[in-house]
1. Would you pull out the residues with amide H under 5 Å of residue 180's amide H, same chain only if 5 or more places away, H placed 1.01 Å from N?
2. Pull out the extension gain between residue 181 and residue 105, defined as 0.36 nm times the separation in residues minus the alpha carbon to alpha carbon distance; nm, one decimal.
3. Applying a 10 Å radius around every beta-carbon, put 129-137, 194-202 in order of their mean neighbour count, most first.
4. Can you tell which of 19, 61, 36 lies farthest toward the positive end of the dipole of the range 1-68, using +1 and -1 charges on the Cβ of basic and acidic side chains (Lys, Arg; Asp, Glu)?
5. Just how far, in whole angstrom, is the range 69-86 from the range 10-49 if you go by their alpha carbon centroids?
6. Rounding to the nearest 20 debye, state how big the charge dipole of the chain is about its Cα centre with +1 on each Lys and Arg Cβ and -1 on each Asp and Glu Cβ.
7. Starting from the amide H of residue 104, placed 1.01 Å from N in the peptide plane, find each other amide H under 5 Å away whose residue is 5 or more places distant or on another chain.
8. Less than 10 Å Cβ to Cβ from residue 155, Lys/Arg counted +1 and Asp/Glu -1: what total charge do the surrounding residues give?
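Computed from the coordinates by the stated procedures, all read-outs in this text should not be read as laboratory data. A quick note: this is a predicted structure, and the numbers were derived from the prediction, not measured. FYI the Cβ positions are ideal-geometry reconstructions off the backbone, even for glycines, and counts take in every protein chain you see.
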Amino acid sequence: MILRHGDVGDDVVLLQKRLTRAGFSVDVTHVFDDATEAAVMALQRARGLVVDGIAGPKTLIALPGVALGVHLTDAELVKSAATLGVPVPAIRAVNEVESRGQGFMTDGRPVILFERHVFYAGLKSRGIDADALAAKYPNIVSATRGGYMGGAAEFDRLAAAVRIHPDAARESASWGAFQIMGYHWKKLAYSSIDDYVSCMYRSEVDQLDAFVRFVAADAGLLVALKGQAWADFARRYNGPDFARNLYDAKLAQAFERYARLEKAAA
């Protein structure tokens, strides 16, 4: 469940009551209003979470004070902005839109998405008959994208691909909160695909580090992020079909929101 500014209903009432019980008093209004957003942000600061004012899974888990050791902290997000030389609201916007604020599933494994067309290309580049495999296993080997199952089922697809070729399989998945493809491991200065995957399992801070490396390695992507050229950033980050999911519009909207919040807090 994810609750944010403007939401209404019984779930908002429950959130407001839980915030008050946790020491972040707010009136029960049935509306996720400015006061509720401020209380959520105060909770996030107190718990060391990313301060975005959105009551997502990590924020709800942290309400009673549960420690979230593998999860991203606000300080790390701010640090990454300084490393790249970009405005903090820009990094916050990317964290919200691209990562949806969550790098791990509830079972502790990193979020992944297996790309069968990347696996197909990876097999071909290794001299393996990808077409024969595609005829036999179309869900995991194909010249076209697709076959997605989502969530934990993506690990089932990955496991099937690993039985064909372990390295090519892991290189064909996007990993963690920022969904950086495995085949970038060498360009991002990891020692191997296994090293990269191990880091993705370790923490969201490691996943953020992969994102920082990815942006720093692409001069055009970095310029787009610095200048909030969201269409160019989304095209470089998500591919030519970015507009279909309104990534640029969502990033622009999130950036403006975080810029307003930063200004208000100054």
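1. 175
2. Full extension of this stretch gives 25.6 nm more.
3. On the way: 129-137: 15.0, 194-202: 17.7.
Highest-to-lowest ranking by the protection proxy: 194-202, 129-137.
4. Farthest towards the positive end: 61.
5. Between the Cα centre of the range 10-49 and that of the range 69-86, the gap is 24 Å.
6. Numbers: 31 positive and 31 negative charges, 67 e Å.
About 320 debye.
7. Residues meeting the criterion, in which the H sits 1.01 Å from N, are 111.
8. Working: positive: 109, 157; negative: 107, 154, 156.
With Lys, Arg at +1 and Asp, Glu at -1, the neighbours total -1.
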